[in-house]
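J.: To start, I am sharing the structure in question, which I have written as structure tokens.
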Amino acid sequence: MTSTTPSPRLPWVDTARGAAIVLVVTHHAVLFTTAEGLGHPAWTALNETLRLLRMPLFFFLSGLLAVRAVHRPWPDLLRRRTTNDLWVYLLWASAAFAAFTLVVPYARDDVPGGPRGWLDQTLLLPDNGAWYLLALALYLPLGRLTRTVPTVVLLPAAAALAAALGPGQLVRYSFVWSDLLTLFVFFAAGLRLREGALRLSTRVPGPAAVTALAAVVGALALAVTALSLTQVPGVRLLVGAGAVVAGCAVAVRLAPTRLGHGLAHVGSRTLPVYVTHEIVLGVLVLALAPAAGTGLRGPLSLLAPAVLVAAALAVCLPLRGPLTRVPWLLHAPWAAPRQREVRPTVGVATVPETRDRVQGV
């Protein structure tokens, strides 16, 4: 095997991905504590605000790292990426379904059990924490199909679709199908605007300007949530675009810091955290549930989501090693990772020769 030269490393990408996955874990922690009677209005409001920000950023980063994949021959793309993502999605969505119907007495919706419940929750009316992998399995072939469509046509068309469908949920009991249609624009933007984004990442202004930008975007998202403007066509798209710009700028500035390094550590391990954290949270929240009917409910409702996020990360991050060693848990049997003689440093995203797997949400 001939050696290759590693591509330039982009620590800020893993920093941004780490921040995004922490927000995803926080989202589910708030949902779990609310379901167990430990919800607090402040956390609920914050979670609704962050909902406008985290997935646009996550999908933009995924598109940024998927440029090489969408230029592969169709057989290679389908074997190594699309069917692989579907395998991992079905495996872990099934594990979550089994956990929440057989082991952990928790469910956000009154859904049937057995084969019909599994079919609804995973394919027909998907409503599970692994749906990001389903999105990737669809977005990558779509990116391949549209690679000859001019950017000036593709992005406005995807943006128009996102603006039109953003206000409402297309399918009852399943937010996933709506999100799949409205979030593609951010994935496509990562694919098509990568070169410009990388150039701009070297020209990010100073900390004061970046902090001000992040504050403006955060205030906009908070106002949209508080005034219930999410039903206005185009509002989610506008806030999501702001989240992408501000999130990338903040990540560039944070990357050299200790906090940035910590987030990059998480960002380089997003797949094992992503597929396991919902089950882990479901188990952990049971330890807090008895306090819901006591005098500790008030203080605990303020602390519980943060405690659960920290505990879930402490459990999920070390699972990377064991899960990697067990065949077929993080990749399909037909898409096993190939050994390379020269590997990029673990924990740092690279462009354009990125990892074969775009790990995520």
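J.: Can you compute the charge dipole magnitude of the chain about its Cα centre, using +1 on each Lys and Arg Cβ and -1 on each Asp and Glu Cβ, nothing else charged? Give it in debye, rounded to the nearest 20. Could you put the intermediate results ahead of the total?
T.: On the way: 30 positive and 15 negative charges, 227 e Å.
Roughly 1080 debye for the chain.
J.: Summing Lys, Arg as +1 and Asp, Glu as -1, what charge do residues with Cβ under 12 Å from the Cβ of LEU138 carry, LEU138 excluded?
T.: Working: positive: ARG81, ARG144; negative: ASP85, ASP179.
With Lys, Arg at +1 and Asp, Glu at -1, the neighbours total 0.
J.: Tell me what the chain gives for mean residue ellipticity at 222 nm when only DSSP H runs of n ≥ 4 count, each as -39,500 (n - 2.57), the sum divided by the residue total, rounded to 500 deg cm²/dmol. Walk me through the numbers before you get to the answer.
T.: Values: 16 runs with 223 residues, N = 361.
It comes out at -20000 deg cm²/dmol, rounded to the nearest 500.
J.: Using DSSP to define loop residues, name the trypsin sites (Lys or Arg not before Pro) in the range 1-100 whose beta-carbon has at most 15 other beta-carbon atoms within 10 Å.
T.: Working: sites: ARG9, ARG17, ARG51, ARG54, ARG68, ARG79, ARG80, ARG81; in loops: ARG68.
Hits after loop and neighbour filter: ARG68.
J.: Kirkwood Rh over Cα pairs of the range 84-217 into Stokes-Einstein at 4 °C, 1.567 mPa s: D in µm²/s?
T.: In µm²/s, the coefficient rounds to 74.
J.: Give the peptides 139-151, 302-314 in descending order of average Cβ contacts within 10 Å, highest first.
T.: In descending order of packing, they fall as 302-314, 139-151.
J.: Order 39-50, 113-124 from most to least packed using the mean count of other Cβ atoms within 10 Å.
T.: Ranked by mean Cβ neighbours within 10 Å, highest first: 39-50, 113-124.
J.: Now for a different question. With a cut-off of 11 Å, note down the residues of the range 27-55 whose backbone N falls inside the zone around a label point 7 Å from the Cα of ARG297 toward its beta carbon.
T.: 37-39
J.: Tell me, SER301, SER228 in order of fewest to most beta-carbon neighbours within 10 Å?
T.: SER228, SER301
J.: Now, a different point. Can you tell me the relative contact order of the chain? Whole percent, Cα pairs under 8 Å, sequence separation 6 or more.
T.: Answer for the chain is 39 percent.
J.: A further question on this structure: Can you give me the span-like helices of the chain, meaning DSSP H runs with 18 Å or more of Cα extent along the axis and Kyte-Doolittle mean at or above 0.5?
T.: On the way: long enough: 11-35 (37 Å, 0.99); 83-98 (22 Å, 0.88); 131-145 (22 Å, 1.35); 151-165 (21 Å, 2.26); 176-192 (23 Å, 1.46); 207-226 (28 Å, 2.05); 235-254 (28 Å, 1.90); 270-288 (26 Å, 1.84); 297-316 (28 Å, 1.80).
Helices passing the filter in the chain: 11-35, 83-98, 131-145, 151-165, 176-192, 207-226, 235-254, 270-288, 297-316.
Each reported figure results from applying straightforward, stated rules to the coordinates on display, with no laboratory input. What you are looking at is a predicted structure, and each value in this text was computed from that prediction instead of being measured. With ideal geometry, Cβ positions are generated from the backbone for all residues, glycine too; neighbour counts draw on all protein chains shown.
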